[in-house]
Amino acid sequence: MKRATPLILAILLGALAAGAGIGIFLKLANDDRHRLAVALEDARTKAEQAVKDKQTIADDANQKVEEANAEVAKAQRVVENIKEEQKLMLAAEKLTKPPSYLLRNWSHAVSLSQGIGLSLPPDTGIESDTSAALTAVISGANAGVTGDMRWLSITPYDANREQEMLASFATSTGISYVVDGVLLTGKTGTMPGGGAMLVLRVRSSGVPTHLLWMKNPGTLGSGDGFKRLLSTLEFDS
């Protein structure tokens, strides 16, 4: 028995050593698997991010191309509008400011909000001058007239408003003028209830800027009073 004891101890020690070695190996193997899993997850995340970055770059590039194309198209439209405006100006009637005796008792008005100056006939005045509209009304000797006193309105250009005004004519004729180097195009005619009216689009550098509506307040004088008033227009260039 005494002889077997050292042998048994040796076997036990060998088993313990082998077990310890296996434990260390298993721990190292587990650590390697963990590191590999982390590395794989990191690689997968980076790959997904690379795909997203690539798509983002592609989307940004496409957006920039679309924006550039839109700007080019816009510039082309402006060029075409300017060419059209130049042709219309050549064919339009040029209005020059009348001599002072034809504007006797007229008053000069300036609209800073609309960037426009003009002369108003007697017995009329400015009702309001805002960024939304310059409005003139009948006053003075004609103040007793009932109904809508407005006879002149100048507003920033509005295509829908223009169509509404043009549709209100009973009869109309196309007109175009050049005043102070600016093109005015539109129509003149009669209103359903009678009386003359005109609607004009003011254009500058190929772009509509203002919408002008006017009817005769009864004090524009003899001849073509509309042209007389329009010829006094001054535009802030």
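The values are calculated or read from the model by the stated rules, or taken from the named source; none is laboratory data. No experiment lies behind these values; they were computed from the predicted model shown. Here Cβ is always computed from backbone atoms with ideal geometry, including for glycine, and neighbour counts include all displayed protein chains.
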Q | Only listed residue being assigned to a helix (DSSP H, G or I) and within 20 Å of ARG228 (Cα to Cα), chosen from LEU102, LEU118, LEU90 | A | LEU102
Q.
Please go through the range 190-237 and give me each residue that is in a strand (DSSP E or B), hydrophobic (A, V, I, L, M, F, W, C) and closer than 24 Å to ALA132 by Cβ, ordered by number.
A. MET197, LEU198, VAL199, LEU200, VAL202, VAL207, LEU211, LEU212, TRP213, MET214, PHE235
Q. Counting just the residues of the range 153-201 that are touching a Ser or Thr at 6+ places or on another chain (Cβ under 8 Å), aliphatic (A, V, I, L, M) and more than 19 Å from LEU120 (Cα to Cα), which one comes out surrounded by the fewest Cβ atoms within 10 Å (Cβ to Cβ)?
A. ALA170
Q. Does at least one position in the range 66-82 carry a residue that is at pLDDT 80 or above, surrounded by 10 or more Cβ atoms within 10 Å (Cβ to Cβ) and in contact with a helix residue (DSSP H, G or I) (Cβ under 9 Å, 6 or more places away or on another chain)?
A. no
Q) How many residues does the range 94-105 hold that are surrounded by 12 or more Cβ atoms within 10 Å (Cβ to Cβ) and at pLDDT 95 or above? A) 1
Q | GLY125 being over 25 Å from the mean Cα position of the chain (by Cα), assigned to a strand (DSSP E or B), surrounded by fewer than 17 Cβ atoms within 10 Å (Cβ to Cβ) and small (Gly, Ala, Ser) | A | yes
**Q.** Output for the range 188-220, where each listed residue is closer than 25 Å to VAL79 by Cα and of a type outside the set (A, V, I, L, M, F, W, C)
**A.** ARG201, ARG203, SER204, SER205, GLY206, PRO208, THR209, HIS210
Q. Would you say GLY223 is without any contact (Cβ under 8 Å) to a residue 12 or more places away in the chain, surrounded by fewer than 15 Cβ atoms within 10 Å (Cβ to Cβ) and farther than 21 Å from VAL78 by Cα?
A. yes
(Q) Going residue by residue through the range 168-179, is there one that turns out to be within 27 Å of the chain's Cα centre (by Cα) and without any contact (Cβ under 8 Å) to a residue 60 or more places away in the chain? (A) no
